[in-house]
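The block underneath contains the structure these notes are about, expressed in structure tokens.
The values are calculated or read from the model by the stated rules, or taken from the named source; none is laboratory data. Just so it is clear, the structure is predicted and the values come from calculations on it, not from any experiment. Glycine also receives a Cβ, built like all others from the backbone with ideal geometry; neighbour counts cover every protein chain displayed. Only protein heavy atoms, including side chains, enter the accessible area calculation; ligands, DNA and RNA are left aside. Shrake-Rupley method; radii C 1.70, N 1.55, O 1.52, S 1.80 Å.
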Amino acid sequence: MKLTRRDFLTNLGYGSFLVASGALAALFARFLTPNIVTPAPGPVEIGSPDQYALGSLTHIENARVYLGRDERGFYAISAICTHLGCAPRLDGDEFACPCHGSRFARDGRVLSAPATRPLDRVFVGRSANGKLFVERSRQVDADYRLV
Amino acid sequence: MKFWRKEKSILYALHPEKIPASGARLTYTFGLGGIAVLASLVTLLTGVALTFYYVPTPTDAHASIILIQDVVSFGAVMRGLHYWGAQVMVVAVTLHLARVVFTGGYRPPREFNWLIGVALLVITLVWDFTGYVLRWDDGAYWAFLVGTNLLREIPAYGETIYRAIVGDAQIGANALLRFYGWHIFGLTAAGVFGIVYHLWRLRKDGGISRPVLDENETREFISRDELFFREFITSALISAALVFLTLIFPAPIGTAANLDAGVSDVRAPWIFLWVQNLLRVIPPLWAGIIAPMFVLALIIALPFLDRRGPGRAIWFARERWKPQAILVVIAIVLSALSVLEVWR
Amino acid sequence: MNQNGNEGNKGNKGKRDFLYFPSTWFFIATLALFFATLAIVWSESHQPWREWIARYNSQNAVTPVPIEIRALVPTQTGKPELCVTCHVGIEDISASHPAETFGCVVCHGGQPRALDQDRAHATMRGGRNPSALEVAAQSCGQANCHGGYADPDAERNHVDRVLKSVQATYAGGIAHVRFSFGAQKSPTALFGNRAVSDATQVLSPQLRALEMFPANPVSGTLDAKMIACLNGGCHLWTTPAKPQAYQYRGSGCAACHYVYADDGLYRGKDATIARDQPGHGVAHQLTTAIPFSQCNHCHNRGNYDLRTMQFDRRDDLPPVARPLSAQMPPEGRRLIEYYQPIGEFTKCEVELNCVDCHTAQEAMGDGHIYGSKKDAQYVQCQTCHGTPASKPQTAIIKDANELAMRQARINGHAEFIKVGDQVIATARGELLWSIKQIAPNKFVQIDKVSGKIYNVPLAQGSQCTQDGKTQTSDYCHECHKVVR
């Protein structure tokens, strides 16, 4: 069948319309994708070192960590479940996550599923004025201690 | 099995099978009602998008608009289309009203639809004003302050009405939240319902008004396909025009409202400039409440001033000079007041 | 469309079906839609902030930075600021004000989430210069910064002190000119650029208050001429009205602390600051290591002619196009080409920088009102060199956080002194941290700008015959002037 000029223009019209609609849909999707996001929280000051006894594990709510102290120094265990981000609480000598029942040992190891990864360790530091701080955005390995 | 059946598509169902060609003539309607509907759809769609970023609190409202305007990808386009869609809607609705008056389209059985139409005009204007307030920039804030304080001028019930609308003893977070609620939900619900009702009633009243036929005349019709075709062309062209309007003239936004800095340049939204002008010369109750109400009452009454002679669906028919003359006077007075307000 | 309308169903355009539009109008309408979409995408990819980053990338031979929106989240406020999207590469204002701690808005104001130039800048404090004296109390001098402390004499109330200093009030200049022309009966200062008052006046040359110098004087009068002269840029409230080479400077705190090159050109990395347009600081940086050239942008550029009430610009300065280096004229030419030909200068005056001798209180005021530069400026040669009869006064640094130590740190030479060092103490009790005693009869000085170490000879034990009690520094120039 011979393509007439009218058919050609019509098809071009449909093409333009499709391209424009597709682009507008993509534009909408791009609009919904934010260009700036809330920054990760900075360091949180958590008081002086002598507030935490040797062998203790203390819940620091505003930093969402448990601060521990052993013979080797201070460490912080993230109180965010590695399964889907709920908040495990210390239950006796274990962390229990209320959402889906994951359990972790006192050192963060997984004791029972559904979580498969141990709780993260978070950086603990000492600021110039001698106070301790934790920084959620900096992860450290399980051996890390602030002496 | 056929997946696509045109006669079952909603667009198909929404259009009548055929409409008289005389009523669909471009020089008869100028497509103004349709343009108003299209503009409202554009405004609605972009408005939904804007809600994902807009924060209706005094501290963040202005900053969130700046964010939309400058930082969000295509945010300026989205907001611009919302703004220009709204302006085109106001203009189209007003001109549509004028067209109906000048062609006598309100004649029975369409006089009830006239009232729905006037209600839609009021909704459009309030929609526009509430949207203007949401900017929370310097101009909008003071216009909001003045506009709401006018309510207090109403004798006896002023303070009660003020609180019912503002939600507090003065404007602030509560007021902004309420106007946001009205803007995106209350007025939207009323507007969409009004538009649908207006269109449904149009079909029930026998479609667009048309002249009475002579006995030997036969009526010409255009098909549903032709009607839809024209709608599509108009929509595409108007949409493209809105986009270019947006890109060339970005939607305005001033500096954040600052109560301490005092008033810099307060300007009512352009549709209420004439009220702002009146407020300079006559008492607030008269300028801000009674005068607009009087104009509205006049407009509502226009069909009932018609002598009901011949002249249906004819532009500027002499037999209907009264409503036309009144509308012209209203238009001239309001335009003159607005222009003088801009020039002062 | 009109055409179509008239033809209605009778058309010869082929059968039109629902959603099937064989028509030129269809082609035009969809093409319009297509171009509208194209225009949206084009305008989005040509936003000005993208162009600024691109210009930054082309101006600086560094690894190009990606063209994307950058948010700086200063730890002080925790609120994102997008200024660095366009101002990418701008210098940190100073080591004591790192942008990552303070951000931009705390000083500059403005709308930090806007990327449109006008919107972002509309509400900025003091326009380009947040340290302009009109706004300095809200920016530099805001609470817990350099002002706003409850005790009016608090050393940290810099902005309050500056507002009362002669550099801001110009009280002496106004008084002496009016006195010379008979407009007031004594040379005692009555007026300042702004009205100021001082509740805690303690020394005799200090004044209790100054009235605002007539803001709207009768035209043609002496005061009208003086207002014009003052607005021409001879004090901290203004910048030069028509700045030329060697005169570029900011107003307020920036007049001294924000260094301008002699040609007034910017040499930093921010691509939004024009590099070929004079009137910008050499970099977006504040400093206390203020080079003599910065002082000279006011103090050595010509003469004020009392008779004509005009400023006569020196015409013997070398053209800046030569070019001079950014901050300093070439070594050795300073005295010959740069200093007022009429003056006599000692060696330290042509080798050191002005701030090496003149103290913070002299330059910025001590919080009290003085009626003349003569009363405010008090450091003498003997402050550092002593007299034939005695060594200069010294004091011991007691605390790591005391003023002298902080001054050294901010100047960038913290290593020069430590707690326990003996440094020069002035007659009004200021410590000159940059001159310390290293042996009973030996003093050394660090140049605050170049960091060079100088030996400070003492008058005691030398051939100097000055009478320390009656003879001031003017007399020293008799013997110690450098021959040009």
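Once the stretch A:71-126 is represented by equal point scatterers at the alpha-carbon sites, with solvent omitted, what log10 I(q)/I(0) does the Debye formula produce at q = 0.15, 0.23 Å⁻¹?
The Cα Debye sum returns log10 ratios of -0.38, -0.80.
Under the rule of -39500 (n - 2.57) per DSSP H run of 4 or more residues, summed and divided by the residues of chain C, what mean residue ellipticity at 222 nm is obtained, to the nearest 500 deg cm²/dmol?
Helix-only estimate at 222 nm: -7000 deg cm²/dmol.
Express the C-alpha Rg of the stretch C:55-117 as a ratio against the empirical globular expectation 2.2 N^0.38 Å, rounded to two decimals.
1.14
So what is the orientation-averaged projected area of chain C, using the convex hull of its C-alpha atoms, in nm²?
One quarter of the hull surface, i.e. the mean projection, equals 35.2 nm².
If you build the convex hull over the alpha carbons only and average its shadow over all orientations, what do you get for the stretch B:21-91? Give it in nm² to one decimal.
5.6 nm²
With a cut-off of at most 12 other beta carbons within 10 Å, and DSSP calling the residue loop, which trypsin sites (Lys or Arg not before Pro) in the stretch B:1-101 qualify? Please list them.
Answer in residue order: B:2, B:5.
So if I take the alpha carbon set of the stretch C:187-297, get Rg, then get Rh from the Kirkwood formula, what is the Rg over Rh ratio?
Result for the stretch C:187-297 is an Rg/Rh of 1.08.
With a point put 7 Å past each Cα toward its Cβ, work out how far residue C:455 is from residue A:30 in nm, to one decimal.
According to this spin-label approximation, the distance is 7.1 nm.
Which of the DSSP-defined H helices in chain C satisfy a minimum axial length of 18 Å, computed from C-alpha atoms, and a minimum mean Kyte-Doolittle hydropathy of -1.0?
C:24-45
Which aspartates and glutamates, on any chain, are close to residue C:418 with Cα under 16 Å apart, when same-chain ones fewer than 8 places away are left out?
C:399, C:402
Name the most mobile residue of B:118, B:243, B:329, meaning the one with the largest mean-square fluctuation, in a Gaussian network model of chain B with Cα contacts below 10 Å.
Greatest mean-square fluctuation among the candidates belongs to B:329.
Taking K and R as +1 and D and E as -1, what net charge do the other residues with C-beta under 15 Å from the C-beta of residue B:163 add up to?
-1
If you take the beta carbon distance between residue C:484 and residue C:309 as r and set R0 to 30 Å, what does 1/(1 + (r/R0)^6) give as a FRET efficiency, to the nearest 0.05?
0.45
When only C-alpha pairs under 8 Å and at least 6 residues apart count, what is the relative contact order of chain C, in percent?
11 percent
Below 27 Å, Cα to Cα, which lysines can residue C:347 reach? Residues fewer than 8 away in the same chain don't count.
Of all the lysines, those that pass the test against residue C:347 - Cα under 27 Å, at least 8 places apart if same chain - are C:373, C:374, C:391, C:436, C:442, C:448, C:452, C:469, C:481.
Please give the per residue volume of the convex hull enclosing the alpha carbon atoms of the stretch B:234-311, rounded to a whole number of Å³.
Hull volume normalised by residue count: 190 Å³.
Rg/Rh for the stretch C:378-480 to two decimals, with Rh computed the Kirkwood way over all alpha-carbon pairs.
In the stretch C:378-480, Rg relative to Rh is 0.98.
What translational diffusion coefficient, in µm²/s and rounded to a whole number, does the Stokes-Einstein relation yield for the stretch B:17-259 at 10 °C and a viscosity of 1.306 mPa s, taking the hydrodynamic radius as the Kirkwood radius over Cα pairs?
80 µm²/s
Return the lysines within reach of residue B:18: Cα separation strictly under 20 angstrom, same-chain partners fewer than 8 residues apart disregarded; answer none if there are no such residues.
Partners within reach: B:6, B:8, B:204, C:10, C:13, C:15.
Heavy atoms only, 1.4 Å probe, whole protein assembly: order B:193, A:8 by accessible area, highest first.
Of B:193, A:8, the descending order of accessible area is B:193, A:8.
Kindly provide the trypsin sites (Lys or Arg not before Pro) of the stretch B:273-329 that DSSP labels as loop, not H, G, I, E or B, and whose Cβ sees at most 15 other Cβ atoms within 10 Å.
B:307, B:308
By the scheme Lys and Arg +1, Asp and Glu -1, what is the net charge of all other residues having a beta-carbon under 14 Å from that of residue B:121?
Counting the neighbours of residue B:121, the net charge comes to 0.
Are there DSSP H segments in chain B that both extend 30 Å or more along their axis (alpha-carbon positions) and score a mean Kyte-Doolittle hydropathy of at least 1.0? List them, or say none.
Helices meeting the criterion: B:75-103, B:111-134, B:224-248, B:321-343.
Which of C:283, B:87, B:324 sits farthest toward the positive end of the charge dipole of the protein assembly as shown, with +1 on the Cβ of Lys and Arg and -1 on the Cβ of Asp and Glu?
Positive-end residue among those listed: B:324.
Return the calculated 222 nm mean residue ellipticity for chain B, to the nearest 500 deg cm²/dmol, obtained by summing -39500 (n - 2.57) across DSSP H runs with n ≥ 4 and dividing by the residue count.
-19500 deg cm²/dmol
Given the options A:79, A:115, A:26, state which has the largest fluctuation in a GNM of chain A using a 10 Å cut-off (strictly under) for Cα springs.
A:26
Can you check what the net charge comes to around residue B:13, using other residues whose Cβ is under 15 Å from the Cβ of residue B:13 (Lys, Arg +1; Asp, Glu -1)?
+2
Can you tell me the FRET efficiency between residue C:360 and residue C:211 if r is taken as the Cβ-Cβ distance and R0 is 22 Å, rounded to the nearest 0.05?
About 0.20, to the nearest 0.05.
Could you work out how far helix A:5-32 tilts from the main Cα principal axis of chain A, as a 0 to 90 degree angle to the nearest 10?
10 degrees
If you place +1 on the Cβ of every Lys and Arg and -1 on the Cβ of every Asp and Glu, how big does the dipole about the Cα centre of the stretch B:209-344 come out, in debye to the nearest 20?
440 debye
How far is the Cα center of the stretch B:270-334 from the Cα center of the stretch C:361-375, in Å?
After rounding, the separation between the Cα centres reads 71 Å.
So what are the stretch A:44-140's ellipsoid semi-axes, whole angstrom, largest first, if each one is the square root of 5 times an eigenvalue of the alpha-carbon gyration tensor?
Over the Cα atoms of the stretch A:44-140, the semi-axes work out to 24, 13, 11 Å.
Two decimals is fine: what's Rg over Rh for the protein assembly as shown, C-alpha atoms, Kirkwood radius as Rh?
1.09
Taking the Cα centre as origin and putting +1 on Lys and Arg beta-carbons and -1 on Asp and Glu beta-carbons, what dipole magnitude results for the protein assembly as shown, to the nearest 20 debye?
Dipole of the protein assembly as shown, to the nearest 20 debye: 2800 debye.
In the stretch B:65-177, carbon and sulfur make up what percent of the accessible area (probe 1.4 Å)?
Whole-percent figure for carbon plus sulfur exposure: 71.
Quote the accessible area belonging to residue C:166 in square angstrom, nearest 10, computed with a 1.4 Å probe and with ligands, DNA and RNA left uncounted.
Result for residue C:166: roughly 30 Å² accessible.
Can you find, among B:104, B:170, B:142, the residue sitting farthest towards the positive end of the charge dipole of chain B, where Lys and Arg contribute +1 and Asp and Glu -1 at Cβ?
Result: B:104, furthest along the dipole toward the positive end.
For the protein assembly as shown, give the share of DSSP beta bridges that are antiparallel, in percent and rounded to the nearest 5; count only bridges with both residues there.
Restricted to the protein assembly as shown, the bridges split so that about 95 percent are antiparallel.
Where is the GNM fluctuation largest for chain A (alpha-carbon springs, 10 angstrom cutoff): A:30, A:103, A:121?
Residue with maximal mean-square fluctuation among A:30, A:103, A:121: A:30.
If you line up the Cα atoms of the stretch C:154-356 on their principal axes, what length do they span on each, largest first, in Å?
For the stretch C:154-356, the Cα spread along each principal axis is 48, 41, 39 Å.
In whole Å, what is the distance between the alpha-carbon centres of the stretch B:25-51 and the stretch B:58-112?
Measuring centre to centre over Cα atoms gives 8 Å.
Give, rounded to the nearest 20 debye, the magnitude of the charge dipole that the stretch C:378-480 has about its Cα centre when Lys and Arg contribute +1 at Cβ and Asp and Glu contribute -1 at Cβ.
The calculated dipole for the stretch C:378-480 is roughly 260 debye.
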